[in-house]
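The values are calculated or read from the model by the stated rules, or taken from the named source; none is laboratory data. Keep in mind that what you see is a predicted model, and the values were worked out from it rather than measured. Cβ sites come from the backbone with ideal geometry, for glycine too, and all protein chains shown count toward neighbours. Just the protein is used for accessible areas: all its heavy atoms, side chains included, with ligands, DNA and RNA removed. Shrake-Rupley method; radii C 1.70, N 1.55, O 1.52, S 1.80 Å.
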Amino acid sequence: MKRTQFSSPVLPYLFLLPQMTVVFIFFYWPSVQAIQSSFYLEDPFGFGSTFVGLSNYTDALGSGEYLKIAWFTAVFTIVVTFLSLSIGLLLAAKADGVIRGSSSYKTLLICVYAIAPPVAGLIGMMFFDQHIGPFVKLAAWAGWDMKVGINYYDTAFAMIVVSVWKQIPYNFIFFLSGLQGVPVSIREAAAIDCRSPARRFRTVMLPLLAPTAFFLLVINMTYSLFDTFGIIDVIVKDKAANNPITLVYKVYMDGFRGNDIGGSSAQSVILMIVVFVLTVFQFRFIERRVHYN
Amino acid sequence: MAHVTIDRVSKDYQAGVRAVDSVSIDIADSEFIVLVGPSGCGKSTLLRMVAGLETITEGEIGIGGRVINHVDPADRDIAMVFQNYALYPHMTVRNNMAYGLKNRGMNRADIEKRVAEAAAILRLQDYLERRPRQLSGGQRQRVAMGRAIVREPAAFLFDEPLSNLDAKLRVDMRGEIKQLQKRLGTTSIYVTHDQLEAMTMADRIVVLNGGRIEQIGTPLDVYRQPQSAFVASFIGSPAMNLITARGESGNLVIGDQTVVMDGAMTVPDGPVTLGVRAEDMKPADHGATAHLELAIDYVEELGAGRLVHGHVGDARLALSTPSGEPLSDLLPIVFDRQRLHLFDTATGRRL
């Protein structure tokens, strides 16, 4: 691009300004605030704060409850990411093979994505409702006395199911467009070279989908870590009690329900570091194995 | 190696569009057949039906005596070279070639041997560990060839394999493919829209138009005895002159001039389409009787010779002559009267 396209050298920065303002106000500033207040013990009623050094961090990391939640978050993230990626891929591969009526299939599969997370949480909760939930009845037939909101594992199960269900359409869209981006002639060459469709999919289509899959891996992990907040909130209804929650929800609980701003900030800083490390890892080690054309 | 029989094969797409209409071709073992025609003539569809990438609406296709209408593409014992090469972008050159063999359960040592042989034939030894995107167009083309060769199939299918290459490389690869095919003796079906490729490579040419066969024959047959005005116009460069003429008591009337035939060929009375190649006319020698006087419009210098464009009445003609002295505006010309072609004006069939 030529410099002369702008009459004034200030103009391009002016164009960037709104975006930069948003990033600054909603990301950098709160981040700096969080880091700062994570070193202080904040009075719940706002009458001042005391510098406590790293003790907010040591408190969090030393607490058995925090570590248990961290462990649940890790399991939850891995399971949700794995399931929503693999089911999304399976549906995309199947929809890609459909010739007649393919657009109605696609629309039906995609439209779930238009549902907002809290609404998805609500709908999901209806399915797991103790009195009218079809899933609970189904489980009862199989001899499983499902008690979502009371039993730790049943609640975790419901959270995972609803979170996966919510994320599948997103993965589906990307996988489907990725599959359709594979040139027809490459599929045809593979059809001549390899008899088995499953093997063909594994050896030709899947490697060509790798860039899409990598992108979705990053997106799905952030989704599981952060964007499932709405779903969890609807399921545990603000009263976590004995129910499983993720780290993000714990940050919210401690900060806004427990009024422990310092501890909550320390936890968000820990989360930031975790996400940063994860992102670096993904880009350094996984992206390298992905073939971009 | 095998013969390929295409027996009254038709292809209908939805909405009753007939892409290929009852085409029959018998392809002998080791023969190099070129399907040629303008775009939309059904040549690629026909090839893809042989490959198993399109279903066959009617008729039968056999390879080596086995009807393969409902055989999986991978089991047809064919290898195909695609227009855009269709190499697997995530595999090295070696794996691109080995892929089809691995899937057929061939043991590692044999695969190695075949890949090495193919790489030597195609001068790809130094590129075996590269990926397709690191190769030039010509190299990719050779990898696509290699992928076909290693399979040692009953038949090679080529779908316009040279059309993505630049002109110079196209000429080189044309020769290479032809030589390779002669050496391996594998039955080949080659699709192109380029009549020059068809002429230079084919043992026999199949000219297709609108889903039907216009003519099957050796390149020289098709060039010298085109069975229809379409074939005449399609094969040969420069294209054959096709002009409207009239038969009158055994002679040809073009515009307001009459070409005296002296019984060189029988001319029916009435309107005909006259076909004459640029090299089958020449300026009349001094003192000799000219058949026609051509009003010259312009001259194209080609170095080795020149192409003279002119007209007689409404009919436009181009003739090739050796380069030499400047020409006058009105050129007396003589025809090689044995080599004139007459076609029915309505059906386009040869008379």
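Assorted remarks:
- Taken as a whole, the condition of being β-branched (Val, Ile, Thr), open to solvent by 20 Å² or more (accessible area, probe 1.4 Å), more than 26 Å from B:Val4 (Cα to Cα) and free of Cβ contacts under 8 Å to residues at least 40 places away in the same chain applies to B:Val171.
- Residue within segment B:292-306 that is part of a strand (DSSP E or B) and among the hydroxyl-bearing types (Ser, Thr, Tyr) present: yes
- Residues that are of a type in the set (Lys, Arg) and over 20 Å from B:Ser44 (Cα atoms), drawn from segment B:148-177: B:Arg151, B:Lys168
- Screening the candidates A:Ala241, A:Ala266 for the property of being closer than 27 Å to A:Glu42 by Cα, exposed (fewer than 14 other Cβ atoms within 10 Å of the Cβ) and either among the basic types (Lys, Arg) or more than 14 Å from every other protein chain (Cβ to nearest Cβ) (or both) yields one hit, A:Ala241.
- When segment B:292-308 is limited to residues that are of a type in the set (Gly, Ala, Ser) and open to solvent by less than 60 Å² (accessible area, probe 1.4 Å), the one that is farthest from the chain's Cα centre (by Cα) turns out to be B:Ala295.
- Those residues of segment A:166-193 which are more than 10 Å from chain B (Cβ to nearest Cβ) and of a type in the set (A, V, I, L, M, F, W, C), in sequence order: A:Ile168, A:Phe172, A:Ile173, A:Phe174, A:Phe175, A:Leu176, A:Leu179
- So A:Phe128, is it away from chain B (no Cβ under 14 Å), touching a strand residue (DSSP E or B) at 6+ places or on another chain (Cβ under 9 Å) and either open to solvent by less than 20 Å² (accessible area, probe 1.4 Å) or closer than 24 Å to A:Lys106 by Cα (or both): yes
- Only a single item in (1) among the β-branched types (Val, Ile, Thr); (2) over 30 Å from A:Ala241 (Cβ atoms); (3) out of contact with any helix residue (DSSP H, G or I) (no Cβ under 8 Å at 6 or more places or on another chain) is not met by A:Thr58, and it is number (2).
- The condition (being assigned to a loop (DSSP other than H, G, I, E, B), within 13 Å of the chain's Cα centre (by Cα) and either surrounded by 20 or more Cβ atoms within 10 Å (Cβ to Cβ) or modelled with pLDDT of 90 or more (or both)) is satisfied by just one residue among B:Leu196, B:Leu162: B:Leu162.
- Positions within segment B:58-89 being open to solvent by 20 Å² or more (accessible area, probe 1.4 Å) and in contact (Cβ under 8 Å) with a residue 24 or more places away in the chain, in sequence order: B:Glu58, B:Gly59, B:Glu60, B:Gly64, B:Gly65, B:Asp77, B:Gln83, B:Asn84, B:Pro89
- Residue within segment B:257-273 that is within 26 Å of the chain's Cα centre (by Cα) and within 19 Å of B:Pro226 (Cβ to Cβ) present: yes
- Per-region count, segment B:323-347, residues aliphatic (A, V, I, L, M) and open to solvent by 20 Å² or more (accessible area, probe 1.4 Å): 4
- Residue tally, condition farther than 20 Å from A:Val80 by Cβ and open to solvent by less than 20 Å² (accessible area, probe 1.4 Å), over segment A:140-163: 0
- Only one of the numbered conditions (1) closer than 24 Å to B:Lys102 by Cα; (2) under 17 Å from the mean Cα position of the chain (by Cα) is not met by B:Arg147, and that is (2).
- Note on segment A:194-214: residues that are within 9 Å of another protein chain (Cβ to nearest Cβ) and in a helix (DSSP H, G or I) amount to 7.
- Scan of segment B:96-148 for residues that are open to solvent by 30 Å² or more (accessible area, probe 1.4 Å), under 24 Å from B:Ile78 (Cβ atoms) and of a type in the set (A, V, I, L, M, F, W, C), ordered by number: B:Met106, B:Ala116, B:Ala120, B:Ile121
- Residue within segment B:174-191 that is β-branched (Val, Ile, Thr), part of a helix (DSSP H, G or I) and in contact (Cβ under 8 Å) with a residue 40 or more places away in the chain present: no
- Exactly one residue out of B:Gly305, B:Gly310 is more than 17 Å from B:Gly247 (Cα to Cα) and touching a Pro at 6+ places or on another chain (Cβ under 7 Å), and it is B:Gly305.
- Exactly one residue out of B:Thr258, B:Thr289 is polar (S, T, N, Q), open to solvent by 60 Å² or more (accessible area, probe 1.4 Å), free of Cβ contacts under 8 Å to residues at least 60 places away in the same chain and not in a strand (DSSP E or B): that is B:Thr289.
- When segment A:275-293 is limited to residues that are assigned to a helix (DSSP H, G or I), open to solvent by 20 Å² or more (accessible area, probe 1.4 Å) and in contact with a helix residue (DSSP H, G or I) (Cβ under 8 Å, 6 or more places away or on another chain), the one that is modelled with the lowest pLDDT turns out to be A:Arg289.
- Every residue from segment B:266-276 that is surrounded by 13 or more Cβ atoms within 10 Å (Cβ to Cβ) and out of contact with any helix residue (DSSP H, G or I) (no Cβ under 7 Å at 6 or more places or on another chain): B:Val267, B:Pro271, B:Val272, B:Leu274, B:Val276
- Here B:Ile216 passes the criteria (1) in contact with a Ser or Thr (Cβ under 8 Å, 6 or more places away or on another chain); (2) surrounded by fewer than 22 Cβ atoms within 10 Å (Cβ to Cβ); (3) in the same structural domain as B:Leu35 (by TED's automatic domain parsing) except the one numbered (1).
- Among the residues making up segment A:128-149, those that are within 22 Å of A:Val75 (Cβ to Cβ) and free of Cβ contacts under 8 Å to residues at least 24 places away in the same chain are A:Ala139, A:Trp144, A:Met146, A:Lys147.
- Checking each residue in segment B:12-37 for being open to solvent by less than 40 Å² (accessible area, probe 1.4 Å) and farther than 19 Å from A:Ser185 by Cβ picks out B:Val20, B:Asp21, B:Val23, B:Ile25, B:Ile27, B:Glu31, B:Phe32, B:Ile33, B:Val34, B:Val36, B:Gly37.
- Helices (runs of 4 or more DSSP H) fully within segment A:24-98 counting 2 or more residues that are open to solvent by 40 Å² or more (accessible area, probe 1.4 Å) and more than 24 Å from A:Gly258 (Cβ to Cβ): A:64-97
- Single residue of B:Val231, B:Val207 found to be in a strand (DSSP E or B) and surrounded by 19 or more Cβ atoms within 10 Å (Cβ to Cβ): B:Val207
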